[in-house]
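One structure below.
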């Protein structure tokens with residue numbers, strides 16, 4: 001969903017805010033995959049990193065919406081998905097502790 005949005009961002013935000021959001025999406029994915037392949041003692045650390053990046057991602061996405069780089073509908077769709085991912089991460093963190 002985000003990769004459909006990134007190319008349509010205004011030029012002045014695409015290469016700054018847009019790329020930062022893109023990096024954070026990839027960071028969340030990387031940390032979740034690292035947690036999945038790590039020892040039980042290391043899982044929590046990777047999941048907490050993913051959760052922190054997810055929080056930053058929500059913040060930067062809100063900034064993109066506030067500067068009108070993304071539409072209300074796109075912001076709502078992405079936000080709903082990120083909240084869902086946050087709930088999943090929270091559950092995984094509780095189980096890993």
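Coordinate-derived values only; no laboratory data. Everything quoted here is computed from the prediction, not taken from an experiment. FYI the Cβ positions are ideal-geometry reconstructions off the backbone, even for glycines, and counts take in every protein chain you see.
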Practice task
Find how much the distance from residue 60 to residue 23 grows on full extension, using 0.36 nm per residue of separation minus their present alpha carbon separation; answer in nm with one decimal.
Solution key: 12.2 nm
Exercise for the section: Would you calculate the separation in nanometres between label points at residue 71 and residue 95, each defined as 7 Å from the Cα along the Cα-to-beta-carbon direction? Expected result: 3.7 nm
Practice task
Could you tell me, in Å, what Rg and Dmax come out for the Cα atoms of the chain?
Solution key: 14.3, 43
Exercise for the section: Just order 48-61, 9-22, 29-42 by mean Cβ neighbour count inside 10 Å, highest at the front, would you? Expected result: 48-61, 9-22, 29-42
